[in-house]
Amino acid sequence: MLSLGFSSCYTVGKLLVGLPDRKVGPLTFTDIDRDYHFVFPDTSEMPYYRQLRQEHHLNEVIKDSRTDREKALAILSWTHQQWKHNGSNQPSKSDAITILKEAQSGMKFRCVEYGIVSTDALLAVGMKARVLGLETRDVETVKSSAGHVLAEVWLREENKWAMIDGQFNVMPILNGVPLNAVEFQRAIIDKKDFKLVNSQGEVSAKAKRSYLNFVPPYLYYFDVEFDVRQNIAKADLHKEDGKTSLMLVPVGANNPTVFQRKYPMNRHVYTHSLQSFYAQPK
C-alpha cells in the first residue's frame, strides 16, 4: 500500500447544504494493478490537429519555449485567455476547434472546455496530454458541484505527468518539480510549501488562496479516457473491458456509479493503482 499524507484532515470552508463536503484527508492507493493501453494521436498531419494548430497559430504560442514544461505553461496561459468562465454554458460540440470558434463569438464556457482546449492544443503541438476529470468523495449523493475538469500533460524531460488547470491558469510545483493531481492532493494534505505557476511565473498569494478554497474536495476520484483522439467514431475508440475510461479510486472508497444522484457513471474501469493510472505514455 502507498499512503498519501498524514492522518489528520485538512478542512476548507464550511459544509454547504446540497454541495460537496469540504472536509478532505489523506488518500491511499496500491502500487500495481495491470497495464492499460492508452491511445494518443500522432498529430503532425492529422487534419483536425493541423487545422487547430494553424488556425490558432499554436507554433507561435510556443515559439519561445525550449522544454516541455515551458510549452505546457505557454499553452495553459493561452487557453486561460480565450474566454471567461461560465459554469452553465456548453458548446455545440466538445472539441477545441468548435469551442474556440464559439468563444470568439462571445460565448463563455465551463471548466470542461478549458480541459478539452488545453489538451487538444498540447496534442496539436506534438505533446502527450489528457483531460482529467475530478470528483468529490460524495459525488453520488450531492445535488451539484460534484466535479471539476482540467488536464494533465506528459513532460518528457522530467519523465512525469503534470497537472494544469486552464480555468485558473495554474500548474502546481513542489521543490521545483511539477505535480500530477494525486501528488498535488498529497502536498495540500501535508501542508507542503508548493507553488502555483503559469507562463508569467508564480501566481499571487491571493490567487493561491482562492484556488485552495476551491479545489481540494475535488481531488478524490480521478478519471481519464483511454483514447484521447478527436474526430474518431465512438465505435472506433479504444476501450478496455468494454469501457472508455479509467477511474483511480482510493483504497476503501466505493466505485461511484452515479453522478449527482441521477447521471449514470457507466463508462469506467476502476483501479486503486497509481502505477497504472500514471503509466508513461507510449
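Just so it is clear, none of the values below were taken in a lab; they were calculated from the coordinates. Here the structure is a predicted model, which means the values were calculated and not measured. Don't worry about glycine lacking a Cβ; one is built from the backbone with ideal geometry, like all the others, and counts go over all protein chains shown.
For segment 90-148, how big is Rg over Rh, using alpha carbon atoms and the Kirkwood form of Rh? With Rh from the inverse mean 1/r over Cα pairs, Rg/Rh is 1.06.
Extent along the principal axes, Cα only, for segment 129-214: 40, 29, 24 Å, with the longest axis given first. Other residues whose C-beta falls under 10 angstrom from the C-beta of Met163 contribute a net charge of -3, scoring Lys and Arg +1 and Asp and Glu -1. Close amide H contacts of Phe259 (hydrogens built in the peptide plane, cut-off under 5 Å, sequence separation of 5 or more or a different chain): Met265. Label-to-label distance, Gln104 versus Ser144, with points set 7 angstrom from Cα along the beta-carbon direction: 3.3 nm. Peptides 140-151, 106-117 ranked from most to least packed give 106-117, 140-151, packing being the mean of other C-beta atoms within 10 angstrom over each peptide's residues. Pairs of C-alpha atoms in segment 46-86 farther apart than 11 Å represent 66 percent of all such pairs. In terms of its alpha-carbon gyration tensor, segment 39-119 comes out prolate; a/c meets the 1.5 threshold, and the first ratio a/b outweighs b/c. Put simply, the amide H of Ser199, placed in the peptide plane, has neighbours under 5 Å in Ser77, leaving out anything fewer than 5 places away on its chain.
Our coupling estimate for segment 134-144, obtained by passing each phi through the Karplus curve with A = 6.51, B = -1.76, C = 1.60 and θ = phi - 60°, is 10, 9, 6, 4, 9, 4, 7, 10, 7, 8, 7 Hz, Gly and Pro reported as x.
Annotation for Asp21 and Val39: the two label points, set 7 Å from Cα along the Cα-Cβ direction, are 3.8 nm apart. Mean residue ellipticity at 222 nm, helices only, the chain: -7000 deg cm²/dmol; runs of at least 4 DSSP H residues each add -39,500 (n - 2.57), and the sum is divided by the number of residues.
Taking Lys and Arg as +1 and Asp and Glu as -1, the other residues whose beta-carbon sits under 11 Å from that of Gln260 total 0.
Classified by the C-alpha gyration tensor, the chain has a rounded form. Its axis ratio a/c, with a ≥ b ≥ c, is below 1.5. Normalised by the number of residues in the chain, what is the relative contact order in percent for Cα pairs under 8 Å and 6+ residues apart? Relative contact order here is 23 percent. Over all other residues within a Cβ to Cβ distance under 14 Å of Val112, the charged ones net out to -4, with Lys and Arg as +1 and Asp and Glu as -1. Classify segment 227-282 from the C-alpha gyration tensor, please: rounded if a/c falls under 1.5, else prolate or oblate depending on whether a/b exceeds b/c. Judged from the Cα gyration tensor, segment 227-282 comes out oblate (a/c at least 1.5, b/c at or above a/b). Per residue, the convex hull spanned by the Cα atoms of segment 169-266 measures out at 161 cubic angstrom.
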